[in-house]
Amino acid sequence: MKLNDIKNLTTEELITKEQELKAELFNLRFSHATGNLANPMQLHNLKKDIARVKTIIREREIKKVNG
């Protein structure tokens, strides 16, 4: 997921997206543990996407507090 795509989402959509990504990460971890994950880099990329979403949410919180 690109940073510009994330920035265009509303805060509510970002929170929903974060929850979806976390659920997907759980499923990928389960697949990896059972040996059914074809590309382990998916885990890495998904963690990065979650971090990007959290960063944008936090930036907006700080911006709201500081005015």
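So residue 61 clears everything in (1) open to solvent by 70 Å² or more (accessible area, probe 1.4 Å); (2) without any contact (Cβ under 8 Å) to a residue 24 or more places away in the chain; (3) within 11 Å of the chain's Cα centre (by Cα) except one condition, right? Which one?
(3)
What are the residue pairs meeting all of these: first residue in region 26-45, first residue farther than 19 Å from residue 1 by Cβ, second residue polar (S, T, N, Q), Cβ atoms under 6 Å, and 6 or more apart or on different chains?
These pairs meet every condition: 37/31.
Here is a yes/no grid of residues against (1) assigned to a helix (DSSP H, G or I); (2) touching a strand residue (DSSP E or B) at 6+ places or on another chain (Cβ under 6 Å); (3) modelled with pLDDT under 95:
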site	(1), (2), (3)
1	no, no, yes
6	yes, no, yes
16	yes, no, no
37	no, no, yes
44	yes, no, no
48	yes, no, no
53	yes, no, no
63	yes, no, yes
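Only residues in region 1-20 that are open to solvent by 60 Å² or more (accessible area, probe 1.4 Å) count as the first member; pair them with residues that are of a type outside the set (Lys, Arg) and outside any loop (DSSP other than H, G, I, E, B), Cβ under 7 angstrom, at least 6 apart or cross-chain, and list the lot.
These pairs meet every condition: 1/49; 7/56; 15/57.
Find the residue count for region 46-58, including only residues that are touching a residue at least 12 places away in the same chain (Cβ under 8 Å) and of a type in the set (D, E, K, R).
4
The values are calculated or read from the model by the stated rules, or taken from the named source; none is laboratory data. The structure displayed is predicted, hence computed values, not measured ones. All Cβ positions, glycine included, derive from the backbone under ideal geometry; neighbour counts span all protein chains shown. In case anyone asks, the SASA skips ligands and DNA or RNA and just uses the protein heavy atoms, side chains included. Shrake-Rupley method; radii C 1.70, N 1.55, O 1.52, S 1.80 Å.
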